[in-house]
Amino acid sequence: MTGLDLVGMIGQLFRHVLPRGYATSIHRERAWDLPWSAADPGRNAFDWDDEEAARLTALVVPMVPPIDAERMAGFRFIDEVTALLVSRYGRWACGWDHSNHHGGPVETWCCDSHSVGEAEETAERVVTCLLEWRD
């Protein structure tokens, strides 16, 4: 194994980890990095009804990785859903998966290995988590 192979392997293992405080257009927003003004429900409009829940569910279903996908597919899925939610609802939505297992208020989401499953069920869980985070 060459040094470049090792660097590539380490990069693959930790590519979901982003340095804190580094912000670019491709940086994933993190709930704990949000100022209150960006997360405050009173300052951030959110129009929600059953039709929007159905639209969001329909958008997320095809994004869910297959059950037997490699572990990194779960991390990519979470990043892709976060990008979708932030682009649709605003920066505040980046906390949708900030589970209580990691110090957040969201009880419906645990982690990719426990929360990502069948497509429809996972999409419904994302919707539930978004609403839980908003509350």
Q: Keeping all protein chains in position, work out how much accessible area W32 exposes to a 1.4 Å probe, and write it in Å² to the nearest 10.
A: 130 Å²
Q) Which sequence of E132, E80 reflects their accessible areas, 1.4 Å probe, from the largest down? A) E80, E132
Q | Computed log₁₀ I(q)/I(0) - Debye formula, equal Cα scatterers, no solvent, region 44-86, q 0.26, 0.28, 0.32 Å⁻¹ | A | -0.94, -1.01, -1.13
Q. How much length is gained if the chain between R43 and R134 is pulled fully straight, taking 0.36 nm per residue apart and subtracting their Cα-Cα distance, in nm to one decimal?
A. 31.6 nm
(Q) With +1 assigned to the C-beta of every Lys and Arg and -1 to the C-beta of every Asp and Glu, and no other charges, what is the dipole magnitude of region 55-114 about the Cα centre in debye, to the nearest 20? (A) 280 debye
Q: Keeping all protein chains in place, calculate the accessible area per residue for region 22-135 (probe 1.4 angstrom), answer in Å².
A: 55 Å²
Q | Angstrom value of the Kirkwood radius, inverse mean 1/r, which spans all Cα pairs in region 41-135 | A | 13.4 Å
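The values are calculated or read from the model by the stated rules, or taken from the named source; none is laboratory data. Here the structure is a predicted model, which is why all the values come from computation and not from measurement. Methodologically, a virtual Cβ is constructed for each residue, glycine included, from the backbone with ideal geometry; neighbour enumeration extends over all protein chains shown. Ligands, DNA and RNA are stripped out before the accessible areas are found, and what is left, the full protein with its side chains, is counted by its heavy atoms. Shrake-Rupley method; radii C 1.70, N 1.55, O 1.52, S 1.80 Å.
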